[in-house]
């Protein structure tokens, strides 16, 4: 598995690459404890000690502006100063921080998983939903849709689901499909099944929720390669330029990585106000 690296930095912030199967920040239960598995924040703290003194919404997250899932690799924005974090937090609330992803998916890999509302019959330009925890230990999420006619949720239990549903400031979380591009099956090493079609997506989000893109793509019938939580097929070789989609090792065992990468991020410089755009 590759190591983190700094794509760019200024005195106010750094844009850092997070490899797959690395936590962005310590888990809440590990905060302040020694011996936990190294996180991206630990790596940044060794190079930019000031990020550990920045205080965000949770004290154990330091100057990390946003997180990526454990399995997902890509770009993470890190604030080096308290003023920079305040600026980025305000930009995030206003929808000015835009993140672009790319994903390899497999249409027809599985039927709609349990707990999902009825899915889409085609690839939409925008996918929107709230979320609810699902399964043992709430290790996954499921989309929740909300009819506006009567104000109740799609499952008809407004009291219960009002407590557990997750929304973006009262609105659905949105995943925008910028470009769905069919790709040849030779791009990935998967079982030769004519019922399975491989697709490559460019996607964009502003504010994200845990597993948002993984869940949304599974919902519309395109689970991401190697995403066993959401019905994705195994794909051992994904041929994109390094460091994208590299092989990961866990306890000495080689494992193919999730076919999802946070490839770009746009925001305003917290000092100059100049628009910044970074892409792997």
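The values are calculated or read from the model by the stated rules, or taken from the named source; none is laboratory data. Keep in mind it's a predicted model, so treat the numbers as computed, not measured. Don't worry about glycine lacking a Cβ; one is built from the backbone with ideal geometry, like all the others, and counts go over all protein chains shown.
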Please name all residue pairs, on different chains or six or more residues apart, with Cβ atoms under 8 Å, provided the first residue is in the stretch 9-25 and is at positive phi and touching a residue at least 60 places away in the same chain (Cβ under 8 Å) and the second residue is surrounded by fewer than 18 Cβ atoms within 10 Å (Cβ to Cβ) and assigned to a loop (DSSP other than H, G, I, E, B). 21/1; 21/70
All conditions in (1) over 18 Å from residue 267 (Cα atoms); (2) in contact with a strand residue (DSSP E or B) (Cβ under 6 Å, 6 or more places away or on another chain); (3) surrounded by 15 or more Cβ atoms within 10 Å (Cβ to Cβ) are true of residue 61 except (2)
Take residue 56 and tell me if it is in contact with a helix residue (DSSP H, G or I) (Cβ under 9 Å, 6 or more places away or on another chain), modelled with pLDDT of 90 or more and surrounded by 18 or more Cβ atoms within 10 Å (Cβ to Cβ). no
Count of residues meeting criterion [surrounded by 10 or more Cβ atoms within 10 Å (Cβ to Cβ), out of contact with any helix residue (DSSP H, G or I) (no Cβ under 9 Å at 6 or more places or on another chain) and at pLDDT below 75] in the stretch 112-125: 0
Go through (1) surrounded by fewer than 20 Cβ atoms within 10 Å (Cβ to Cβ); (2) at pLDDT below 95; (3) assigned to a loop (DSSP other than H, G, I, E, B) one by one and return the number of the condition residue 199 breaks. (3)
In this structure, is residue 166 farther than 24 Å from residue 25 by Cα and either surrounded by fewer than 20 Cβ atoms within 10 Å (Cβ to Cβ) or at pLDDT 90 or above (or both)? no
If we scan the stretch 261-279, do we find a residue that is under 30 Å from residue 145 (Cα atoms), in contact with a helix residue (DSSP H, G or I) (Cβ under 8 Å, 6 or more places away or on another chain) and modelled with pLDDT of 95 or more? yes
Checking 85, 68, 77 in turn, the sole residue that is at pLDDT 95 or above, surrounded by 15 or more Cβ atoms within 10 Å (Cβ to Cβ), assigned to a loop (DSSP other than H, G, I, E, B) and on the phi < 0 side of the Ramachandran plot turns out to be 68
Selection count where residues are farther than 11 Å from residue 266 by Cα and either touching a residue at least 12 places away in the same chain (Cβ under 8 Å) or part of a strand (DSSP E or B) (or both), scope the stretch 93-102: 3
